[in-house]
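Here, each number is a calculation from the coordinates, and none is a lab measurement. The structure presented is a predicted model; accordingly, all values stated were derived computationally and were not measured. No Cβ is skipped: glycine too gets one built from the backbone with ideal geometry, and neighbour counts run over all protein chains shown.
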Amino acid sequence: MAITIYHNTACGTSRKTLEAIRATGVEPTIIDYVKTPPTRAVLEDLIARSGLTVRQAMRDKGDLYGELGLGDLSLPDSALLDAMMAHPILINRPFVVTPKGVRLCRPSELVQELL
């Protein structure tokens, strides 16, 4: 089974999700999205296929979210996507893609639905 994980090594949830995938005997394609962010089109596709809103796919923890004023609920999705493209750390993680679908695996146990 082909599996791709949009991973951040600094994130405990992302590391646990990767461990769960590897426990199945599959070595996934690992994309360090902070160093190699997805294109805007790929990010929009991941969000849509996971059934999330753009805001739900955005990481709201950390100083950057507040500094950029991203808590303003009047901001359109395009502005949120612009921020995520400029600062990939704002993309929530980990997104996992398998033939069964796409999920934002927070908590990490959600990956089981895709395996």
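Rounded to whole Å and ordered largest first, report the semi-axes of the equivalent ellipsoid of the chain derived from its Cα gyration tensor (root of 5λ).
On the way: eigenvalues 122, 39, 29 Å².
Working from the Cα gyration tensor, I get semi-axes of 25, 14, 12 Å.
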Ranked by GNM mean-square fluctuation in the chain (Cα springs under 10 Å), the top entry among LEU43, LEU68, LEU81 is LEU68
antiparallel share of DSSP beta bridges within the stretch 1-98, to nearest 5, in %, is 50
If the chain between GLU67 and ALA23 were fully extended at 0.36 nm per residue, the gain over the current Cα-Cα distance would be 12.0 nm
For the stretch 98-115, in residue order, the Karplus 3J(HN,Hα) values (coefficients 6.51, -1.76, 1.60; θ = phi - 60°; whole Hz; Gly and Pro = x) are 9, x, 7, x, 10, 9, 8, 8, 10, x, 4, 4, 4, 4, 4, 5, 9, 9
Ratio for the stretch 36-83, C-alpha Rg to 2.2 N^0.38 Å, reads 1.13
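In what sequence do SER14, SER108 fall when counting other Cβ within 10 Å, fewest first? Present the calculation step by step, with values, prior to reporting the outcome.
Numbers: SER14 24, SER108 20.
Ranked by crowding around the Cβ, least crowded first: SER108, SER14.
Please report CYS105, CYS11 as a ranked list, fewest other C-beta atoms within 10 angstrom at the top and most at the bottom.
Values: CYS105 27, CYS11 19.
Fewest-to-most ranking of CYS105, CYS11: CYS11, CYS105.
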Length gained, ALA2-LEU75, 0.36 nm per residue minus C-alpha separation, equals 22.7 nm
Under 18 Å by backbone N from the virtual spin label 7 Å along Cα-to-Cβ at ARG40, the residues of the stretch 53-83 are 54-55, 57-58, 75-83
